[in-house]
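Written out below as structure tokens is the structure these notes cover.
The values are calculated or read from the model by the stated rules, or taken from the named source; none is laboratory data. As the structure is a prediction and not an experimental result, all values here were calculated from the model. Neighbour counts are summed over all protein chains in view; Cβ atoms, including those assigned to glycine, are modelled from backbone coordinates with ideal geometry.
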Amino acid sequence: MRLRFAAPLLFAVLAGCDTPPADTVTVVNQLSQQMLADYQHWASASAALANSTQALCQQGGSLTASQQSWREAFNAWAALQPALIGPLAEQNRSWQVQFWPDKKNLVGRQVKMLLDANPSIDQAQLDKSSVVLQGLSAAEYLLFDQSIDLSQTEQQARYCGLLLAIGGHQTQLSQDMLSAWQGAQGFAATLSNTPNQRFAEPQESLAELLRTQVSSLELMKKKLGTAIGRLSKGIAQPYQAEAWRADASLDSLRASLASLQTLWGQAQQVGLRDLVNDAALRERIEHQHAQTHDTFAAFTSGLQSLLSNSDDQQRLDKAYLELAELQRLYEKDLARALNIQMGFNAHDGD
Amino acid sequence: MNCTRLAGASLLAISIALAGCGQEEPAKPAAQAAAPATTDAPAATVAKPTSAEQAAVVSHYADLALAVFEDALTTGKALQASIDALLAEPTQANLEAARSAWIAARKPYMQTEVFRFGNAVVDDWEGQLNAWPLDEGLIDYVAGDYQHALGNPGASANIIANAKLTMGDQTLDLATLTPELLAELNELGGSEANVATGYHAIEFLLWGQDLNGTNPGAGNRQASDFVQGEGCTNGFCDRRAAYLKAVTTLLITDLEYMVGQWQADNADNYRATLLSEAPEQGLRKMLFGMGSLSLGELAGERMKVALEANSTEDEHDCFSDNTHNSHFYNAKGVRNVYLGEYTRADGNVVKGASLSDLVKAANADADSKLQAELAASEAALQKLVDSANNGTHFDQLIAADNTAGNALVTGAINALVAQTSGIEAAAAAIGITELNPDTADHQF
């Protein structure tokens, strides 16, 4: 039990000259601030989406602009995946942003059922509805589904009420979450300023941060794996992909990975890497991050078209294996190096 | 697909683990309680049992598995007999009897599921028996507003009505419905919603679609769907009967295989493999099964998704409205494994060396805490059973406007989340630090 107190000391001795020594407090503090910035970015992107849908529905704005705002909001949300700890991870709030997997097209069906029953939906009513309807998944359906064309006035009459309500709901939710992270009592401070009711010491904060990151990697694996048929005899399942209507699956994974890599750190930026004494392990993870990044960066088209080409399918398989290796390094080697035990998570049994 | 893979998480990953935290103040995240390296628990609370003690517990675990799978087989055979009676004489009374037999067969089967996670032999096998949710239009006629997985080429194949099935450039010969053919049709086209076999295929054939949404009522198939010749309703009664017979035969064959895997004195079965491993690995499998079923599968896939999305499509036993029992006996299975105790279908009790014994010797508080949490989960799930017995079933409890019903389901979910944290603490108490048997180092 006492070993952890020795760790920083040991680290100071072993760390090479290339890396400034950092202790757990410094790293947790840096990660909290980075994640807070990610929450800020998400809140701005959500507000921008709401604005652009208002322009579309009320001021003759373009559908393309709203679609682009949706993409930015979705990427900002994807970047939050390794930071889904604290308020947004509680009370199923994250489901209010994205509903996936959607095995039986609940998004499309619930939108139809809602609008048939209640054509004049407003935000107050939406707040009380199914989470399936409240978030970016439903907004994606409205903005991108082939059966809907929101550049047409008569379609706007049916769908704009819901779209505006979603914009309002997302703006409110992301602002609430940002507020919950900010300030002396905010979650960033809860992570950094231990002991407190939630975390007894910096190592506990660190453990929870790592578990969140490992969980995000498992989810990334699942998102790609489901689409490329890892769970279905190798037969691709394009409609089971995340955000297939907007073909935003790969952008989402790239945003999540980039965010994770930032939290890992680099030469001039403190991150988890600065707590890893074992230079060989640090090098392996660094290398795996770079390789995963490059593999995903090399895809120049969206997932949907890649899924229909067998050469591309092999590249996607390779990308999956890169993700899996990164996840294994985090869950096993990094956890052990940081003296952290992984508990159960909802992906167990997959 | 099997439920294992369906179990996969999703959004729920993130939400579930901390589901309790928001509502009840400082509840610590489940994982935390178990992290010996990061807490100040006194060293005395971690005490590794001896290898012999561990081995006794793992050996009894195998006995328990054998008893539960044997009961699944026995009740499965009773189901088969009642289905034979129904097909011989398709009366409403015989249909009711077959339905009752199906519900009785689910009781032990759901208690086997705790053996699934961690034991690949079960996990790789169970998809053919318990996959859900299914696109039932693959099997038989469905209502006009039938909803299925997008892009599923088999979603409306209606095997019963079609002696041939064309998919892409391939034509399948479905003229004779055999157990082997149905097994091949499972996961047709790679879609996990194409469930041709198992309990839920049988359930669909006995009940039909539940067209009541979140309103009262289950499926309402008529016995005349099985009448041969004149009086046959909805057509193809001969093929419907053949399907039901074949799918039931397959279920029995599958259950027999699994019983064989757990029998003693067989050098080549899974039990022999399990008992030849380091006992600590056996304990890890036990704990992993308990935790994975409690959190990701039962609390998550089977309850939270249905509740949060108000989705009856994500209800487990959706045709029969037997979901409350399935959930209850899933949790019962977790408790069985911890206590080393199982009440058999005939009322006899199997009891022996248990995880609880080991944990109690190492840390009595961790044991009594987990025992209390397991009891609390059972009580919370009993409320779902009571509600169903009083006429309000799971699919009504999850309706968007049913505040009291939602609260009942949430209560059960929270109890399971708390129990998962107790399982982690119990694991830590006996020195099992890495919980996943697939990734844990096998050096002891």
Checklist entry - Could you say whether any residue in region A:67-75 is in contact (Cβ under 8 Å) with a residue 40 or more places away in the chain and more than 17 Å from A:A246 (Cβ to Cβ)? => result no
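Looking for something within 14 Å of chain B (Cβ to nearest Cβ) and hydrophobic (A, V, I, L, M, F, W, C) - is there at least one such residue anywhere in region A:304-311? Please lay out each step first, then the result.
In the first step, residues of region A:304-311 are kept if they are within 14 Å of chain B (Cβ to nearest Cβ); the result is A:304, A:307-308.
Applying the additional criterion that residues be hydrophobic (A, V, I, L, M, F, W, C) yields A:307.
Within region A:304-311, one or more residues are within 14 Å of chain B (Cβ to nearest Cβ) and hydrophobic (A, V, I, L, M, F, W, C).
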Checklist entry - Quick check: is even one residue across region B:214-232 part of a helix (DSSP H, G or I), crowded, with 24+ Cβ neighbours inside 10 Å and in contact (Cβ under 8 Å) with a residue 60 or more places away in the chain? => result yes
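Yes/no matrix, rows are residues, columns are (1) within 18 Å of the chain's Cα centre (by Cα); (2) surrounded by 23 or more Cβ atoms within 10 Å (Cβ to Cβ):
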residue: A:R230; (1), (2): no, no
residue: A:S252; (1), (2): yes, yes
residue: A:A255; (1), (2): yes, no
residue: A:Q261; (1), (2): yes, no
residue: A:Q268; (1), (2): no, no
residue: A:R273; (1), (2): no, no
Checklist entry - Residues in region A:211-219: is at least one among the hydrophobic types (A, V, I, L, M, F, W, C), within 11 Å of chain B (Cβ to nearest Cβ) and more than 21 Å from A:S94 (Cβ to Cβ)? => result no
Checklist entry - Looking only at residues in region A:324-341 that are of a type outside the set (A, V, I, L, M, F, W, C) and part of a loop (DSSP other than H, G, I, E, B), which one is modelled with the lowest pLDDT? => result A:Q341
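Being surrounded by fewer than 24 Cβ atoms within 10 Å (Cβ to Cβ) and in contact with a Pro (Cβ under 9 Å, 6 or more places away or on another chain) is the requirement here; does B:V259 meet it? Quick ask: steps written out before the conclusion?
Values: surrounded by fewer than 24 Cβ atoms within 10 Å (Cβ to Cβ): yes; in contact with a Pro (Cβ under 9 Å, 6 or more places away or on another chain): no.
It is false that B:V259 is surrounded by fewer than 24 Cβ atoms within 10 Å (Cβ to Cβ) and in contact with a Pro (Cβ under 9 Å, 6 or more places away or on another chain).
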Checklist entry - Taking A:V107 and the conditions (1) closer than 29 Å to B:S191 by Cβ; (2) loosely packed, with under 14 Cβ neighbours inside 10 Å; (3) within 11 Å of another protein chain (Cβ to nearest Cβ); (4) not acidic (D, E), which numbered condition does it fall short on, given that it satisfies the others? => result (2)
Item to check | Within region B:333-444, helices (runs of 4 or more DSSP H) holding 2 or more residues that are touching a His at 6+ places or on another chain (Cβ under 8 Å) | outcome: B:364-389
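Restricting attention to region A:89-98, does a residue exist that is of a type in the set (A, V, I, L, M, F, W, C) and surrounded by fewer than 24 Cβ atoms within 10 Å (Cβ to Cβ)? Give the derivation first.
Residues of region A:89-98 that are of a type in the set (A, V, I, L, M, F, W, C), as a first pass: A:89, A:95, A:97.
Applying the additional criterion that residues be surrounded by fewer than 24 Cβ atoms within 10 Å (Cβ to Cβ) yields none.
Looking for residues that are of a type in the set (A, V, I, L, M, F, W, C) and surrounded by fewer than 24 Cβ atoms within 10 Å (Cβ to Cβ), one finds none in region A:89-98, hence no.
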Item to check | From B:N330, B:N310, residue being polar (S, T, N, Q), assigned to a helix (DSSP H, G or I) and either away from chain A (no Cβ under 11 Å) or touching a residue at least 12 places away in the same chain (Cβ under 8 Å) (or both) | outcome: B:N330
Checklist entry - Do we find that A:L162 is crowded, with 24+ Cβ neighbours inside 10 Å and farther than 24 Å from A:S259 by Cα in this structure? => result yes
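A quick yes/no check of all residues on (1) within 25 Å of B:N406 (Cβ to Cβ); (2) in contact with a Ser or Thr (Cβ under 8 Å, 6 or more places away or on another chain); (3) surrounded by fewer than 24 Cβ atoms within 10 Å (Cβ to Cβ):
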site	(1), (2), (3)
A:D122	yes, no, yes
A:A157	no, no, yes
A:A180	yes, no, yes
A:R211	no, no, no
